[in-house]
Amino acid sequence: DTLQQSILYPLLYNCTIPIRDMIVEWICNGIINDPYQEFFVSTDKMVSEEKLWYDKYTLRVPMIPSFISMEQAKKIWITGKSINFLRVVCKDRTMLQILKTPAPSQSLFQQQRSTEFQDMIVSVYNDTTRYLRSILDDKYQMMDHFKAIKRYLLLGQGDFIKYLMDLMENELNKAANQVFYHNLQSLMDAAIRVTNAQYESEDIIKRLDLRLMYVSPSELGWDVCCLDYKFDGPLRTIFTEENSLRYMRIFNHLWRVKRMEYTTCGVWKQLIKSSRQFAAIPEISDMTHSCFVMSNEMTKFVQSVNYYIMFEVLECSWSDLLSKLMEAKDLEQILEAHDDSLLKILTRLHLDGHETSQELAKQLRCIFDLILNFGAIIQRLIQCVETELAARKPYQQQQRHGTFTKNNDSDAEVQRFHTVFKPQLKKIKSDFLIVKKAFRDAVLKFLQQLKSHPDITLRSLSFRLNFNEVYKVSHALKSTA
Amino acid sequence: MPSEIITLQLGQCGNQIGMEFWKQLCAEHGISPEGKLEPFAKEGSDRKDVFFYQADDQHYIPRSVLLDLEPRVIDGILKSPYKHLYNPENVYISKDGGGAGNNWAQGYHQGDKLTEDIFDIIDREAENGDSLEGFVLCHSIAGGTGSGMGSNILEKLNDRFPKKLIQTYSVFPMTNEVADVVVQPYNSVLTLKRLTENADCTVVLDNTALNRIATERLKKATPTLAELNQLVSTIMSGSTSTLRYPGYMNNDLISLISSLIPTPRLHFLISAYTPLTSDNTESEVRKTTVLDVMRRLLQPKNVMVTTASRDKNITHCYVSILNIIQGEVDPSEVHKSLMRIRERKLAEFIPWGPASIQVALSKKSPYVTTQHRVSGLMLANHTGISSLFDRMCDHYDKLIKREAFVENFRRLPMFKDNLDEFNDSREVVQQLMDEYRAATRKDYINFGNTQTAQGE
């Protein structure tokens, strides 16, 4: 009623003036003048530039007046943060705007009567965040760097990645503590010079670097080597150290899967190119055929994993990220979009620390080891066949020249075949059968584990791996896919 | 630079499709017919060095060798706007200039005689690159040069470059009873033996299918040769696009083909492309989706090989499928499309090992405008290809039974004493067909045992 109003109104009016002033000072200049700690944004002077956005300014929720909504408070908070971010981190001291007429104090607590306060908040927020966005896009080429991350840390620049891996292979096969940064770095420089990476802008190339993550001394170079992309300035706020570590884990995983792809291609090529020699020894044709079938199985496995990674993990999260970045108005939303996409990638690569994910990761490593094992067996097989064919040559020569004596020479020949070649072959065959069974079992287990993972996208990997349903996966749990 | 590929264009057909291929590549990479980079071609993310190298004056030269036994087609190329594109030292026309008379044996033996000259060029070109990945041979198998000389070159390539991949784009003749070239079946079977034993991967281009597609597409009764070759160049450029635009997958030939080819003999691939013909009526109403593209690629009318099987007891199936999709694609659609295809059983797969449709995304040229938002190429290994070989063998068997036209071959050294070469080749093709048919069954995993039995 009017009596209450006439008492309360001047009280509220006078109380709101300092709040109004603090808000205006904050959203226009990013300054807090708050000797009595009344403002709902507080500042921590000890925070570094890198953490400015995250930690320097806190929203003190209990101090938000009841007539200011959470959404408004957030916008206010972000506006002031953005100004400080621009000044301190982006080193941009452009005076953005001077509010000609700040909203009067009564408009704060009489919002149902007039939108002056809301309008003021929103317009300053829009102007400030738009400006910050333009600085990030134009001065700091934010989108270019996102794309560069996709090309390098997420292996999009396939020609560079392949060449790099070829160059580094020998080095990475060594034990982790024998792998040296300067060796790898010169290899990386060589790869940049020779592939399409050489056409990148200087700014992007100079940020590429290698990092060696030390996990444990028993690891190989493959496990510790990562590509890194160095950030500075405002982009460091988006690509924090924590995010860098996430990218490194992602890179390491993708790099390993790629390595498997090249291994299976290499095995395929060796087998195909040796088929003529295999045909010269008809006795081994059932064995070599089995090898081809197994090689095909392993190739298909790795390929399916890789295509899953390409689409379900990388391309999907990328297109998501792009659309969110397009819609994002303030830096907070940009950070969220980026964090979201990173987390999505981590989950879909079963790197999120979830228990089932860890099991999957372990199982996949096991499968990869078997593939490497198979590669070694194939090497031995080819070596064995080549040795045999070379050993046959002198006898074949003699046959052609008619100097082949039926008794001694043919006996020796048969002897050699039975005492040298056959036992070697038998050993190779039994090793092969062990790997074959282990591989099939491991894949079945992997498929089963996939089915029980909570993430629906990860479950779709089993669909790709078993598209024509040759693997009979027992349903320990009812799948809800 | 790593993973270069040398293209060998052989004979009339080979040079014609080669020419269209290079035209297409120049357009995609913004290279003028003289080999210079066009001023608008500033975007540097494409890889020109797989197929081109740069001369001292910065202009681009195809890593291509043009071979023929008669001058007509190559002369045509050297009079066209692209005459300055090719390295003139890589053009070789036999001094004899008489061609191979559509006779495989003539082509083969002339190839023998010209081996030194030809391999001088090939060796030089191979040293031009840092790391040669392999060779691509373009030819037809029914004439004389592409088939006979092609066979010879294939054998020698395999001997001299045992570690390099050899891929062919082989045009198979139309399979009507009355052929233009009467000894076509002989030429085809003799060449098919070399393709089986010396090539690592053959993309089969069936002239019957090409004609059918071109006719439907252009609504003309008889499409011109240029129009047919355009279709071929679409396939060739589509299947090399991931090599020329780096991406996450398929950056070299080996990763493209290793998952398509399970065993040495089963390396004959079919191809399909969309949009081609009457697919477009729907796209006027709504946007083309990934599912649309993948579905159409599985339709026989878009496949460049006629694989209609006459054998009712066999269900032919896919050993592997790769779809390369270019354009505006929503990546989340891929998984849904795969599920839909499996649900509706739009493709039948082998029962003896894992097989699926793999979908790859490829970037496309910023300089070539296409009418369509999304386009797709399929490369697949389908056991039904054996029915194509079957029809070819039918024609062959009828001829060889009567020893018809064999005199033309007897004149040449390989066939002077006997016709063993014919029988041997026919045997190889038979084994090829048998293996494809065996691959439709679960017991294919034991196929090696039957071989062992045969060997002993």
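When both residues are 6+ apart or on different chains and their Cβ atoms are under 6 Å apart, which pairs have a first residue that lies in the range B:124-148 and is under 16 Å from B:A105 (Cα atoms), and a second that is surrounded by 24 or more Cβ atoms within 10 Å (Cβ to Cβ) and at pLDDT below 90?
Listed by first residue and then by second, the contacts come to B:G144/B:A100; B:T145/B:A100; B:G148/B:A100.
Yes or no, residue by residue, for (1) part of a helix (DSSP H, G or I); (2) more than 9 Å from every other protein chain (Cβ to nearest Cβ); (3) free of Cβ contacts under 8 Å to residues at least 12 places away in the same chain; (4) open to solvent by 30 Å² or more (accessible area, probe 1.4 Å):
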{"position": "B:L322", "(1), (2), (3), (4)": "no, yes, no, no"}
{"position": "B:I325", "(1), (2), (3), (4)": "no, yes, no, no"}
{"position": "B:D330", "(1), (2), (3), (4)": "no, no, no, yes"}
{"position": "B:K336", "(1), (2), (3), (4)": "yes, yes, no, yes"}
{"position": "B:M339", "(1), (2), (3), (4)": "yes, no, yes, yes"}
{"position": "B:R342", "(1), (2), (3), (4)": "yes, no, yes, yes"}
{"position": "B:K345", "(1), (2), (3), (4)": "no, yes, yes, yes"}
{"position": "B:Q358", "(1), (2), (3), (4)": "no, no, no, no"}
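Starting from the range B:160-174, keep only residues that are aromatic (F, W, Y), then list their pairs with residues that are open to solvent by 20 Å² or more (accessible area, probe 1.4 Å) whose Cβ atoms are within a distance under 7 Å, requiring at least 6 positions of separation or different chains.
B:F172/B:N207
Being farther than 22 Å from A:V89 by Cα and either hydrophobic (A, V, I, L, M, F, W, C) or crowded, with 16+ Cβ neighbours inside 10 Å (or both) narrows it down to one residue among A:L108, A:L132, A:L136; which is it?
A:L108
If you go through the range A:243-267 one residue at a time, how many are within 10 Å of chain B (Cβ to nearest Cβ), under 30 Å from A:E50 (Cβ atoms) and aromatic (F, W, Y)?
Residues in the range A:243-267 being within 10 Å of chain B (Cβ to nearest Cβ), under 30 Å from A:E50 (Cβ atoms) and aromatic (F, W, Y): 0 in total.
When you go through B:S64, B:S3, B:S45 one by one, which is the residue that is closer than 30 Å to A:L164 by Cβ and at pLDDT 95 or above?
Matching residue, one of B:S64, B:S3, B:S45: B:S64.
Within the range A:268-384, considering only helices (runs of 4 or more DSSP H) that don't extend past its boundaries, which have at least 3 residues that are open to solvent by less than 10 Å² (accessible area, probe 1.4 Å) and more than 14 Å from chain B (Cβ to nearest Cβ)?
A:331-348
Which pairs have Cβ atoms under 9 Å, sit 6 or more apart or on different chains, and link a residue in the range A:62-83 that is crowded, with 19+ Cβ neighbours inside 10 Å to one that is aliphatic (A, V, I, L, M) and assigned to a loop (DSSP other than H, G, I, E, B)?
Partner pairs satisfying both residue conditions: A:Q72/A:I64; A:A73/A:I64; A:I76/A:I68; A:G80/A:I31; A:G80/A:I32; A:I83/A:I31; A:I83/A:L96.
Residues that are open to solvent by 10 Å² or more (accessible area, probe 1.4 Å) and more than 14 Å from every other protein chain (Cβ to nearest Cβ), at least 3 per element: which helices (runs of 4 or more DSSP H) completely within the range A:179-238 meet that?
A:181-194
List the helices (runs of 4 or more DSSP H) inside the range A:42-137, counting only whole elements, that have at least 3 residues being closer than 15 Å to A:K329 by Cβ.
So the answer is A:70-84, A:116-134.
Can you name every residue in the range A:445-456 that is within 12 Å of chain B (Cβ to nearest Cβ) and open to solvent by 20 Å² or more (accessible area, probe 1.4 Å)?
A:I456
Among B:P185, B:P275, which is closer than 30 Å to B:D159 by Cβ and open to solvent by 10 Å² or more (accessible area, probe 1.4 Å)?
B:P185
Take the range B:36-69 and flag every residue that is touching a helix residue (DSSP H, G or I) at 6+ places or on another chain (Cβ under 8 Å) and more than 14 Å from chain A (Cβ to nearest Cβ).
Residues satisfying the conditions are B:Y60, B:P62, B:R63, B:S64, B:V65, B:L66, B:L67, B:D68, B:L69.
Looking at this structure, is B:K156 over 17 Å from the mean Cα position of the chain (by Cα), at pLDDT 95 or above and open to solvent by 20 Å² or more (accessible area, probe 1.4 Å)?
yes
Take B:F405 and decide whether it is more than 20 Å from B:C201 (Cβ to Cβ), away from chain A (no Cβ under 14 Å) and assigned to a helix (DSSP H, G or I).
So B:F405 does not fit the description; no.
Cβ-Cβ below 9 Å, separation at least six or inter-chain, first residue in the range B:227-256 and within 14 Å of chain A (Cβ to nearest Cβ) and over 20 Å from B:A199 (Cβ atoms), second among the β-branched types (V, I, T) and open to solvent by 10 Å² or more (accessible area, probe 1.4 Å): which pairs?
Every condition considered, no pair remains.
Checking the conditions here, which among B:L269, B:L256 is in a strand (DSSP E or B) and surrounded by 22 or more Cβ atoms within 10 Å (Cβ to Cβ)?
Only one candidate passes the filter, namely B:L269.
Going through B:E127, B:E89 one at a time, which residue ends up being acidic (D, E), under 12 Å from B:R63 (Cβ atoms) and open to solvent by 20 Å² or more (accessible area, probe 1.4 Å)?
Residue meeting the stated conditions: B:E127.
From the residues in the range B:207-236 that are touching a Leu at 6+ places or on another chain (Cβ under 8 Å) and open to solvent by less than 10 Å² (accessible area, probe 1.4 Å), which one is nearest to A:V302 (Cα to Cα)?
B:I235
The values are calculated or read from the model by the stated rules, or taken from the named source; none is laboratory data. Just so you know, these numbers come straight off a predicted model, no measurement behind them. So basically every Cβ, Gly included, is an ideal-geometry build from the backbone, and we count neighbours across all protein chains shown. Surface areas here come from the heavy atoms of the whole protein model, side chains and all, with no ligands, DNA or RNA. Shrake-Rupley method; radii C 1.70, N 1.55, O 1.52, S 1.80 Å.
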